[in-house]
Amino acid sequence: MSDTTLVDTIICAASAAWRHDGEVLATGIGMVPRLAASLAKLTCNPDLMLTDSEAWLVAEPVPVGPRGEYRIRRETHMGFARIFDNVWGGKRHAMVGPTQVDRYGQANISMIGADHRKPKTQMLGVRGFPGNSMNHANSFFVPNHGTKVFVEGEVDMVASAGYNPARLARGWGFDDIDIRLLLTNLCVMDFGVPVLAGAFVQPARGRDCGAGSAGNGIPGARAR
């Protein structure tokens, strides 16, 4: 009987998002994406750049929770100026947790409701999503696959650009948008970008990363 849990499998699958990235800054927002980026650094992509979530690049992933006697292995300073050099230069790959996603890969973390002046629920605002979505690779993690997240039509507010030609800013094309993976507790999907072809479901071994596949749920996405 295996001791592997669903979240273990999801972390292995999510780590594959950074497999072919080389030396880029990995940002995992939330526990599962953070652990996935750490696993990628330790297995399939040792060139991946990670920070201590403060102001330093680190030589190895920083443990979560109480650290005891552990001392962070800092490599060099990584302040906001250098972070934005990576963001605007396309040398970053973030894995984030949207509240809504639609068939175009557009994501929402801002508000719920049709009336932007009187939202049913006000959340974070768009934050860095607009610039991130137009400047570097992004992946999504949705812990609870369902119709509240995967909406019909469009998201209530487009915080992160997707593959919707009607909403592309002037001068921008689909080549400027790079949505890598969309992971849930049920499946792994993409939007047709063949960067992770041949992915598989199993715990990572050696310097390999795991990825998974299952049923779909978004008309614009495909199961891997």
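The table below lists the values:
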| item | result |
| --- | --- |
| Filter pass, ILE72 being over 12 Å from SER160 (Cβ atoms) and touching a residue at least 40 places away in the same chain (Cβ under 8 Å) | no |
| Subset of the range 126-139 [assigned to a loop (DSSP other than H, G, I, E, B) and either acidic (Asp, Glu) or under 14 Å from GLN100 (Cβ atoms) (or both)] | VAL126 |
| VAL155 vs. criteria out of contact with any helix residue (DSSP H, G or I) (no Cβ under 8 Å at 6 or more places or on another chain) and surrounded by 19 or more Cβ atoms within 10 Å (Cβ to Cβ) | yes |
| Set VAL87, VAL96: member being on the phi < 0 side of the Ramachandran plot and touching a His at 6+ places or on another chain (Cβ under 7 Å) | VAL87 |
| Failed item in (1) among the aromatic types (Phe, Trp, Tyr); (2) farther than 16 Å from GLY90 by Cα; (3) more than 12 Å from the chain's Cα centre (by Cα), with TRP172 passing the rest | (2) |
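The rows are residues; the columns are (1) more than 18 Å from VAL126 (Cβ to Cβ); (2) charged (D, E, K, R); (3) modelled with pLDDT of 85 or more.
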site	(1), (2), (3)
PRO165	yes, no, yes
TRP172	no, no, no
ASP176	no, yes, yes
ARG180	yes, yes, yes
MET189	yes, no, yes
PRO194	yes, no, no
GLY198	yes, no, no
PRO203	yes, no, no
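The values are calculated or read from the model by the stated rules, or taken from the named source; none is laboratory data. Bear in mind that the values here come from a model prediction, so they are computed numbers and not experimental data. Reconstructed Cβ throughout: ideal geometry from the backbone, glycine too, with neighbour counts over all protein chains shown.
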